[in-house]
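No lab work stands behind these numbers, since they all come straight from the coordinates. The model shown is predicted, which means the values in this text are computed figures rather than measured ones. Quick reminder, even Gly has a Cβ in these numbers, built from the backbone with ideal geometry, and neighbours come from all protein chains shown.
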2 protein chains.
Amino acid sequence: MANVDPDIQRHLLEHMHSPRLVGLDSMNYWIHHKRPALLRLLKKINIYVANDQEARALSGESNLIKAAKCLYSYGPKMILIKKGEHGVLFFSDNFIFSLPAYPTDKVVDPTGAGDTFAGGFMGYLTQTKKINAQTLKKAIAYGTVAASFNIEDFGLKRMSRLTLKVLEHRLARFKKYVLF
Amino acid sequence: MANVDPDIQRHLLEHMHSPRLVGLDSMNYWIHHKRPALLRLLKKINIYVANDQEARALSGESNLIKAAKCLYSYGPKMILIKKGEHGVLFFSDNFIFSLPAYPTDKVVDPTGAGDTFAGGFMGYLTQTKKINAQTLKKAIAYGTVAASFNIEDFGLKRMSRLTLKVLEHRLARFKKYVLF
């Protein structure tokens, strides 16, 4: 559920028939002005996707692990904190996972990187049979690499001509960049 | 070579008999006030270790990959940029490597985390037979995990009672946190 008024998000959720996995995005405006509605909604979703500032604002915690634990206590069993150029942190009841951003100097416009990450992440999960630690980690890696393409040009220019083959080629390189 | 006046560092280096690997740290004061001396010294060392602000200040580049490429052009064949809670970026002529910080909510005092990282990194390399991509990556992971202990208490309190066994136990967990 992309970032709109939590009451609209709730309304949308009520019209879904047994969704397999519900991810929710939000932002500072709703966190500050519709906090009770947002907190009610968090009880009904599986993955809360937030950037670091949003995670800190909603939890009141500066340390991101503390923030993730707090957000987890609000309901979602999975917390995904996006840190822009610093990568991502995933927190759940049975594992923690963290990746840096894809190291690149080709940055034309970072607008939409977080949404591209979320899209790549959810998109990868839609075609997996199981949702477990292994597929979630892989989904995070796909999202990370997807975002690295989006920032290479304005708007959807780079994404519109991206192929899965090219994405997976960069994914293989990324794996080498973080494997020790 | 720990962070002092680059002229003192150069003097020290001139007294070393064919060192195997020379790492150099510096800081904003020398970058701004003794830049020519620092640049002369960079031509003679193997690894330049800097935090993100220092890397940006010395290179004039905001993007850290661009900064690393610029610093590389100054001489050192390996550039290691420390990003505090956001982890580390390694750049060399034949590979790039990046790790997030060890995810932890036990942060009492971050003072000395970067130095502990550098110590763990160089310390690991002192006992390897070869210095190659594999051992450098592992050294970066050791440094990352060493730093995660240092911040758990003031001064050297936590480090003074740290054993290699405990460090390696956390290293194994860290590997799970970043492996996809």
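A few notes on this one:
- For region B:77-89, filtering for residues that are more than 13 Å from the chain's Cα centre (by Cα) and either away from every other protein chain (no Cβ under 13 Å) or in a loop (DSSP other than H, G, I, E, B) (or both) leaves 1.
- Flag for residue B:24 being outside any helix (DSSP H, G or I) and either within 14 Å of another protein chain (Cβ to nearest Cβ) or more than 28 Å from residue A:66 (Cα to Cα) (or both): yes
- Taking region B:92-180 as the region of interest, none of the helices (runs of 4 or more DSSP H) fully inside it holds 3 or more residues being surrounded by fewer than 13 Cβ atoms within 10 Å (Cβ to Cβ), touching a helix residue (DSSP H, G or I) at 6+ places or on another chain (Cβ under 8 Å) and more than 14 Å from chain A (Cβ to nearest Cβ).
- Looking only at region A:1-55, and only at residues there that are among the β-branched types (Val, Ile, Thr) and surrounded by fewer than 16 Cβ atoms within 10 Å (Cβ to Cβ), the one that is nearest to the chain's Cα centre (by Cα): A:4
- Screening residue A:44 on (1) free of Cβ contacts under 8 Å to residues at least 12 places away in the same chain; (2) part of a loop (DSSP other than H, G, I, E, B); (3) farther than 24 Å from residue B:87 by Cβ shows it passes everything except condition (1).
- Check on residue A:67, facing chain B (nearest Cβ under 10 Å), surrounded by 21 or more Cβ atoms within 10 Å (Cβ to Cβ), in a helix (DSSP H, G or I) and not hydroxyl-bearing (Ser, Thr, Tyr): yes
- Filter result (more than 14 Å from every other protein chain (Cβ to nearest Cβ) and among the acidic types (Asp, Glu)) within region B:38-64: B:54
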